[in-house]
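For reference, the structure discussed in these notes is given below.
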Amino acid sequence: MGEHRVIIVGAGPAGVRAAQAVVRAGLRPIVIDEASRAGGQIYRRPPENFKRDHEALYGTEAARARAIHEDFAALLPHIDYRPETLVWNVAEGHVWAAHEGETQAIPYNALIVCSGASDRVAPIKGWQAAGCYSLGGAQIALKAQGCAIGHRVIFLGSGPLLYLAAAQYVKAGAEVAAVLDTSPFWLRVKAAPKLAAMPELLWQGVKLLRDLKRAGVPVLTGVTPVEIEGDPQNGVSGVTVRHKGAVRHFAGDAVAMGWHVKPEAQIADLARATFAFDPATRQWLPQTDADGRAGNALYLGGDGARVLGARSAEVTGELAAMAALADLGLTVDADRRRWLLAEKANYATFAKGLAQAFPWPHELVAAIPDDAIVCRCEAVTAAALRASVSTAHAQEANRAKAFSRVGMGRCQGRYCGHASAEIIAAARAVSLEKTGRLRGQAPVKPIPVSLKRNDI
Amino acid sequence: MSQIHQSDVAIIGGGLMGCSAAFFLRQRGLSVTVLETDKVGRQASGTNFGNVRRQGRPIFQLPLANRAIRIWRDSPQLLGSDVEYLQSGHIRVCFRERPENIGKMEEYAALAREEGLDLELLSANALREKFPWLGPDVLAGSYSASDGHANPRLAAPAFARAAARLGASIVEDTKIVHAEKVGEDFRLTASDGRQFAAPILLITAGAWAGKIAGWFGEDIPLTPRAPTMSVTEPVPYAIAPAVGVMTPEEVETVYFRQVARGNIVLGGSTRAQSYPDDYRSYVLPQNTMTQFEHLRRLAPALANLQVIRVWSGIEGYTDDALPIMGPSAKVSGLFHAFGFSGSGFQIGPGVGETMAELIATGATDIPLEHYSVTRFAK
């Protein structure tokens with residue numbers, strides 16, 4: 001038994017359920033998590049001494065949040081838990097984990113990556129102004145630190161998180177100036193049959209919208225963002241959109257923006273997962289079988305594989321762990337597996353509905369004005385990116401990066417990669433798939449030159 | 001049967017050597033076709049450190065390096081685009097435990113001066129006064145004010161575009177799978193069946209060149225290796241020269257430079273294997289760690305910086321670390337320029353100009369005898 005070295009990366013809903021399955025099989029997995037406390041992003045916990053309870057923090061998801069936190073606490077004696085630890089590379093059957101300035105190479109027989117998702121952000125003219133946050137960032141401020149990103153916050157984007165985060169702000173007593181959704185309402189109607197695969201979640205969405213309207217928050221659908229206004233001294237001052245032929249302006253000192261989320265697939269990439277283009281969501285995704293096998297002893301669970309939501313993450317995290325256990329020669333419960341696969345299928349249908357109802361606004365992105373900044377880290381404008389295609393003849397994403405510096409900064413294309421691919425595709429008049437995918441490189445997140453090995 | 005694409009010179013390999021050779025061949029009026037498996041400058045030419053460094057090269061290579069430095073200086077006008085060449089100096093240092101290097105530096109500086117390269121030798125104190133970020137273990141240094149660095153991601157593509165403007169055919173995404181001499185012409189076949197013909201063939205295919213030379217009966221052993229590269233987040237621009245260590249130990253050979261944007265590019269220490277057949281190379285994390293370790297010794301202040309990306313590439317090394325440059329020993333009309341062994345970037349444009357001169361006129365003043373392919377014929 002001691003020969004089976006299982007590493008789980010991430011302690012969100014997928015990682016916790018994966019760890020539970022591995023412990024149930026009699027193994028002691030290593031659970032590595034970047035956060036100081038388990039829960040992941042959606043069930044992120046405030047520091048120990050904060051007082052807001054689960055109901056206030058997680059609303060309708062309080063019971064699930066509590067279950068995840070309590071179940072993980074019960075696992076602690078049976079796992080090797082390594083919080084505040086960054087997996088910065090994977091190579092030759094070893095995970096490279098960094099903690100407090102030191103790093104070590106940890107060997108594995110099975111690597112279960114439950115790395116979650118991050119915001120999918122579309123660039124809007126003016127979004128480099130101070131006070132512009134991603135929806136996830138706005139939520140983290142609230143959940144982990146109990147503070148809002150501004151006094152009067154404008155929510156801009158699309159997807160369930162847009163409404164959820166806005167409603168959480170309202171509930172926490174923050175002023176929400178407006179919720180501005182780029183997707184038209186009729187798409188939601190069209191997607192209703194798929195969304196009905198998860199009636200409870202659909203109903204939650206309806207309630208969020210109702211709560212926002214009751215609080216007097218203007219909710220506009222089918223908007224076209226024009227500009228985020230602001231200046232370098234004072235940051236954001238407002239947002240201008242076009243809506244039903246009219247120009248509307250909303251004053252505010254902060255913007256939370258996002259268009260759903262996308263897998264954090266950097267670790268999977270370094271562990272040499274295969275990626276394929278997904279036309280429905282217009283992005284490259286790591287490939288797995290139905291259980292989460294990605295090959296080379298790599299298993300993917302949760303939103304880090306496919307964005308199916310937090311509830312589904314509990315299912316796919318467990319499935320990925322069961323696949324790993326089966327491949328290690330351990331017996332797994334076939335009935336349980338079948339049930340989990342059926343659950344996953346329902347969430348997948350629902351996720352398709354969400355993608356249809358709240359699409360990534362690729363046409364808006366492709367048409368972004370020349371003077372808008374695409375890559376905030378490197379301050380690359382749409383004009384500079386387009387010139388790398390038209391003048392320097394970049395034909396794909398990596399080349400455009402080399403020539404224009406788009407995606408070459410601190411975030412390594414996490415926030416501009418999808419948008420820049422759309423702009424390159426439009427500039428070349430080719431399909432998005434033909435612009436390729438930014439090659440993944442370590443480190444997964446920045447590491448200091450002072451980092452020292454402590455295992456040799 | 002599709003039409004055969006004919007030109008005066010065919011070049012296999014669209015790296016810095018091939019693209020600059022194409023540019024200078026067009027200047028001399030020859031028609032040129034560059035055949036590149038992937039995109040121009042994507043392999044070793046685009047992934048290297050970017051040192052435009054003459055000091056430390058073999059003395060007999062300095063005429064070639066001097067020719068190259070003139071091209072680097074003129075590159076904005078010559079190419080019509082900025083390849084971020086900065087003539088901001090190069091400092092080569094040695095550590096305390098290798099005092100014998102001071103004598104070697106002095107000897108080298110005397111010989112280099114005869115070749116037109118002025119080097120200033122600096123003692124530990126003078127060195128730290130000038131470059132206060134050097135670590136306490138640094139014993140001495142040799143400073144070259146007229147060396148510098150450039151952006152490898154931009155250089156070869158800029159030569160390719162300039163060559164294309166002069167009328168060269170730059171054919172990307174075209175892997176040559178067979179080449180032979182048929183009568184007066186070399187006949188090249190791409191993986192999709194397209195054919196190219198030319199009476200002159202120049203091989204500038206880096207780590208892949210040995211295989212191509214093999215088609216003509218020339219057995220040239222090349223070892224594909226992968227450099228360990230890293231880059232930090234941008235910080236205010238403060239370090240002008242490129243910096244490197246003089247040492248016989250590969251693991252100690254770290255080097256760094258700061259680009260105008262502010263990022264510090266790190267290279268050196270242990271290299272890894274690379275896989276030319278798969279077009280793949282990987283940075284091994286353990287090599288990144290030894291690189292950091294030796295860098296901290298060279299410039300302790302850099303320890304506080306965050307590295308945001310690592311990368312590697314595929315470089316072709318010869319056993320004696322010298323390139324193969326010149327005509328084939330076996331087939332007339334066949335020329336080689338490859339095997340630059342991780343040290344080709346600075347001399348690249350000079351290699352292109354020299355090969356163009358050699359091909360167009362049959363001769364060059366640049367001494368090439370050290371690079372002859374005949375040294376492998378045993």
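Below are the figures for this structure:
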quantity	calculated
Prolate/oblate/rounded call for region A:1-145, Cα gyration tensor, a/c under 1.5 rounded	oblate
Rg/Rg_globular for the protein assembly as shown, with Rg_globular taken as 2.2 N^0.38 Å and Rg from C-alpha atoms	1.03
Residues whose placed amide H lies under 5 Å from that of residue A:256, excluding near-sequence neighbours	A:133, A:154, A:155, A:156
Rounded accessible area per residue of region A:51-113, 1.4 Å, Å²	43
Where no second cysteine Cβ lies under 4.7 Å, the cysteines concerned in the protein assembly as shown	A:114, A:132, A:147, A:377, A:411, B:19, B:94
Accessible-area composition of region A:121-259, carbon plus sulfur, in percent [1.4 Å probe]	58
Dipole magnitude of the protein assembly as shown about its Cα centre (Cβ charges: Lys, Arg +1; Asp, Glu -1), debye to nearest 20	2120
Under 5 Å, built H, 5+ apart or other chain: amide partners of residue A:227	A:240
Directionally averaged projected area (convex hull, Cα atoms, chain B), nm²	18.1
Overall form of region B:136-233 per C-alpha gyration tensor (a/c, 1.5; a/b vs b/c)	prolate
Summed buried accessible surface, chains A and B, 1.4 Å probe, nearest 100 Å²	3000
Å² per residue, accessible surface of region A:196-268 at 1.4 Å	48
Rg and Dmax of region A:362-435, Cα atoms only, in Å	10.4, 29
Reduced Cα scattering model of chain A, Debye log10 I(q)/I(0), q = 0.07, 0.09, 0.10, 0.13 Å⁻¹	-0.34, -0.58, -0.73, -1.26
Antiparallel %, DSSP beta bridges [both residues in chain B], to 5	70
Segment residue B:303-residue B:278, length gained on full extension (0.36 nm per residue, minus Cα span)	5.5 nm
Positive-pole candidate from B:108, B:328, B:122, dipole of chain B, charges at beta carbon	B:122
Candidate lysines for bridging to residue B:39, where Cα separation is under 24 Å - those fewer than 8 sequence places away on the same chain excluded	A:401, A:434, B:175, B:211
Antiparallel DSSP beta bridges within the protein assembly as shown, percent to nearest 5	60
Anchor residue A:190: lysines whose Cα lies under 17 Å away (excluding residues fewer than 8 positions away in-chain)	A:352
Minimum 50 Å² accessible area buried by the other protein chains, region A:397-439 residues, probe 1.4 Å, relative to alone	A:399, A:403, A:405, A:408, A:410
Furthest towards positive pole of dipole, B:77, B:290, B:182, structure part the protein assembly as shown, Cβ charges	B:77
Once the Cα gyration tensor of region A:121-259 is diagonalised, semi-axes √(5λ) in Å	24, 18, 13
Radius ratio Rg over Rh of region B:1-134, counting only Cα atoms, Kirkwood formula for Rh	1.10
Anchor residue A:51: lysines whose Cα lies under 25 Å away (excluding residues fewer than 8 positions away in-chain)	A:143, A:171
For chain A, calculated [θ]222 nm from helices alone, where every DSSP H run of n ≥ 4 adds -39500 (n - 2.57)	-11000 deg cm²/dmol
Percent accessible area from carbon and sulfur atoms, region A:362-435, protein chains only, probe 1.4 Å	53
Cα-based Rg / Dmax (Å) for region B:192-281	18.8, 53
Fraction of accessible area attributable to carbon and sulfur, chain B (%, probe 1.4 Å)	50
Extension gain from residue B:365 to residue B:113, taking 0.36 nm per residue of separation minus the Cα-Cα distance	88.8 nm
Cβ-defined net charge surrounding residue A:56, 13 Å radius [Lys, Arg +1; Asp, Glu -1]	+3
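The values are calculated or read from the model by the stated rules, or taken from the named source; none is laboratory data. None of the values given here were measured: they were computed from a predicted structure. A quick note on method: Cβ atoms are made from the backbone with ideal geometry, for glycine too, and the neighbour counts reach across all protein chains shown. Areas reflect the complete protein model, heavy atoms only, side chains present, ligands, DNA and RNA absent. Shrake-Rupley method; radii C 1.70, N 1.55, O 1.52, S 1.80 Å.
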